[in-house]
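Take a look at the structure below.
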Amino acid sequence: MTHFSQRVEQVSISGIREVFEAAGEDAINLGLGQPDFPAPEHAREAAVEAIRAGKADAYTSNKGTRELREAIAAKHARDNDLDVDPEHIIATSGGSEALHLALEAHVDANEEVIFPDPGFVSYDALTHLAGGTPKPIGLRDDLTLDPAAVEDAITDETAAFVVNSPANPTGAVQSPEDMRKFARIADEHDVLCISDEVYEHIVFEGEHRSPAEFTESDNVVVVNACSKTYSMTGWRLGWVTGSEGRIERMLRVHQYSQACASAPAQFAAEAALSGPQDRVSEMVEAFQQRRDVLLDGFEDMGLETPKPRGAFYAMPKVPAGWVDAVIDRGVVVVPGDAFGDGGTGYARLSYATDLEQLKEAIEVMREATEAVQ
Ligand SMILES: Cc1ncc(COP(=O)(O)O)c(C=O)c1O
């Protein structure tokens, strides 16, 4: 008799989808994890040109085109002051595949993976799919991940820990000092640090630094993508960087599961990474303005909200029944516990929606707050 694997039976379809399905068609959606801006025109054009010229029909090298990997290496030099060899990069189908490769290549059956709780839903699911054991750990009051808590959670069974800054679902930004400590922990305990930096550019206060800048070993792999920075979630283009040995192992997974990232998307990503970057700062300015409006709204309603310093999410503490009351009134928000037990008592809102709709949603949330208090 056929059956399903234990690994897949431990994973369920994300709770976020269920919320979308529960909402009416003309609901204001504050549940989406994607920017509401068009992708840069020069990125789109580069893909169209490559398609027209017949350059995007064939497999590329498994790691991605040399030109794309050079553009990614140049990005790391420009933004992170990191010298990354283009040979030490694999272009992937979004940051999601990059996370999958990192976990598949490094986690043995029953080994533990430590990650933030609440945290991005894929960390738990991909750990199960790799046969590992998820070890979610709670956050500080400001919703950042405490390096000391990570260090305390490490056992002989720990294969990896995940750092995500700026973070989904919290919007928290780790300090450079924390990032330095994460690198030290990876070095001293000889465990892998997977640094998920897909929101790297969306920072309002503080500074994004990568643990890769501080490590003295090769125990950090970096996951990044064009998805959030360039509003290119549909293009499915991300990447992972790591040492030669780690890349070679991750490539084994990528080669057999993906062959290569989609060729048209590789041309678009190369153009996005190496072309003008002003669209990114315009988008970040818009997000910051919306965040401030949303935080003022929550303050007026009396909802305590740890101040998000990056990404485009906020996590207010909400009274019982609040999420349902908001959804019933036509605004989609996600219950915090969809991101782990540590999210209980919170809701996650994405403010990747225009200011007018956001203001409308704030009024709806105000009514819902009054109704449940
Ligand atoms: C923290 C985090 N990492 C990775 C991803 C995956 O991004 P991609 O769309 O590039 O697969 C997401 C998407 O929401 C995310 O929030």
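What do you get for Rg/Rh over the stretch 138-198 if you use C-alpha atoms and the Kirkwood form of Rh?
0.94
For the stretch 144-237, what size does the Cα cloud have along each of its three principal axes, sorted from largest down, in whole Å?
Largest first, the stretch 144-237 extends 39, 27, 23 Å along its Cα principal axes.
Hand me the GluC sites (Glu not before Pro) from the stretch 99-195 located in a DSSP loop with no more than 15 other Cβ atoms within 10 Å, in residue order please.
Answer by residue number: GLU157.
Across bins of 5 angstrom width beginning at 0, how are the C-alpha pair distances of the stretch 1-159 distributed, in whole percent?
1, 7, 10, 13, 14, 16, 16, 12, 8, 3, 1, 0
Whose amide H sits under 5 Å from the amide H of GLU200, counting only residues 5 or more places off or on another chain, with H placed in the peptide plane?
Under 5 Å from the amide H of GLU200 lies no amide H from a residue far enough along the sequence or on another chain.
Taking 2.2 N^0.38 Å as the expected size of a compact globular protein, what ratio does the Cα radius of gyration of the stretch 88-136 give against it, to two decimals?
Cα-based Rg divided by the globular estimate yields 1.11.
Under a cut-off of 19 Å between alpha-carbon atoms, report the lysines in cross-link reach of LYS55, not counting same-chain residues fewer than 8 places apart.
Within the straight-line cut-off, LYS55 pairs with LYS63.
I'd like the Kirkwood hydrodynamic radius of the stretch 206-289, using the inverse of the mean 1/r over distinct C-alpha pairs, in Å.
15.0
Going Cα to Cα from LYS317, which lysines come in below 23 Å? Please leave out same-chain ones fewer than 8 positions away.
Those lysines meeting the cut-off are LYS307, LYS359.
Using modelled amide H (1.01 Å from N, peptide plane; none on Pro or chain starts), what sits under 5 Å from the amide H of ARG348, excluding residues fewer than 5 places away?
VAL334, GLY336
Give a residue-ordered list of calculated ³J(HN,Hα) values for the stretch 95-112 (Karplus: 6.51 cos²θ - 1.76 cosθ + 1.60, θ = phi - 60°; whole Hz; x for Gly, Pro).
Karplus values, whole Hz, x for Gly and Pro: x, 4, 5, 4, 5, 4, 4, 4, 6, 4, 7, 10, 10, 8, 3, 6, 6, 9.
Over 20 Å apart: what share of the alpha carbon pairs of the stretch 77-190 falls there, rounded to a whole percent?
45
As an exercise, use a Förster radius of 45 Å and the Cβ-Cβ distance of PHE37 and ASP190 to find the FRET efficiency, rounded to the nearest 0.05.
The value I calculate is 0.60.
Along the stretch 187-199, what does the Karplus equation 6.51 cos²θ - 1.76 cosθ + 1.60 (θ = phi - 60°) give for ³J(HN,Hα), rounded to whole Hz, x for Gly and Pro?
In residue order, the calculated couplings are 5, 6, 8, 6, 10, 7, 9, 9, 9, 8, 10, 5, 9 Hz.
What is the projected area of the convex hull of the Cα atoms of the chain, averaged over all directions, in nm²?
Reported value for the Cα convex hull: 19.1 nm².
Tell me the mean residue ellipticity at 222 nm calculated for the chain from its helices only (DSSP H runs of n ≥ 4, each -39500 (n - 2.57), averaged over every residue, nearest 500).
Per the formula, -13000 deg cm²/dmol.
Residue by residue through the stretch 64-74, which ³J(HN,Hα) values in whole Hz follow from phi under the Karplus form 6.51 cos²θ - 1.76 cosθ + 1.60 (θ = phi - 60°), with glycine and proline marked x?
These are the phi-based 3J(HN,Hα) values: x, 5, 4, 4, 5, 5, 5, 5, 5, 4, 5 Hz.
Simple spin-label model, 7 Å along Cα-to-Cβ: SER12 to ALA53 in nm?
5.0
For the pair GLN289 and SER5, how long in nm is the line joining their label points, each one 7 Å along Cα→Cβ?
Label-label distance for GLN289 and SER5, simple model: 4.8 nm.
Only the coordinates and a few stated rules stand behind these numbers; no lab work does. Since this is a predicted model, take the numbers as computed values, not measurements. Neighbour counts run over all protein chains shown; Cβ positions are idealised from the backbone, glycine included.
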